[in-house]
């Protein structure tokens, strides 16, 4: 268990430093071969993310009313405050930074989870056997690590959501079950607010920047082909060297065609994106007003009873 906890502490501290450090604005990587070879995937990934976030916002806001229906005789004035604070937090820089951190950790954990989990499981099993314990504890330890990372990230995100100050303050009055429901509602409102007001506009600018790099990326890929041909013409190149070089030329040539295709699709998406973002903002605003109206109606009914 101590081995697992040390891994948790190490991963959490490294990610906190990596995500929280202040950095200067980076310059374009379009002239770098490594970036150019993955450009099409990056553009397609950004386009996909935008579509997924639009869908997320719709799904989240469609469930606002159901969250309210789960509440059992709460202090409706506090519920109103929770919703207002969550909406404001979703638009804030602090919450946006926490969301960016969450995204970075999520990507890291998704890509490296099996490797890290395997090392933790192996370390725990090895230590257990050295201590005379024959039980297989590694799998449970790997799961516990994942659960610890998820919960810690949720905790850091909620720390930037001011609605949780209200929820924590009035937890006793609200009751355990209502508190759980309000936590989920605060998560939902803040996330939806962030998506339409912060994230989608940021992703739009990121996509614009990607599209603007198309010409430079194309030149970089052309340069890769030229460099490989020059490499093949050097004295002493073996057949194996030339074969590997031809494979790199083929990969760069294929990527060159993918660049134009991905950029064209992204450019087409950008032409619709401004209107889509405005529609997303309007839909969210309407859902938020409907949520507030429902809470106000329940408050009115409770006051009469």
Subject >> Fewest-first sequence of 29, 89 by Cβ atoms within 10 Å of each Cβ >> reply: 29, 89
Subject >> Order of 172, 46 - criterion: other Cβ atoms within 10 Å of each residue's Cβ, fewest first >> reply: 172, 46
Original post:
Quick one: Cα centre-to-centre distance for the range 153-193 and the range 40-58, in angstrom?
Top reply: 27
**OP:** Sort 173, 196 so the one with the fewest other Cβ atoms within 10 Å of its own Cβ comes first.
**Re:** 173, 196
**OP:** Over every pair of different alpha-carbon atoms in the range 214-305, take the mean of 1/r and invert it; report that Kirkwood radius in Å.
**Re:** 18.3
Original post:
For the range 175-305, what is the relative contact order in percent, using Cα pairs closer than 8 Å and at least 6 residues apart in sequence?
Top reply: 34
Original post:
For residue 215 and residue 56, what does the FRET efficiency come to when R0 = 25 Å and r is the distance between their Cβ atoms, rounded to the nearest 0.05?
Top reply: 0.15
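Computed from the coordinates by the stated procedures, all read-outs in this text should not be read as laboratory data. Just so it is clear, the structure is predicted and the values come from calculations on it, not from any experiment. Note that we place each Cβ from the backbone using ideal geometry, even for glycine, and neighbour counts take in every protein chain shown.
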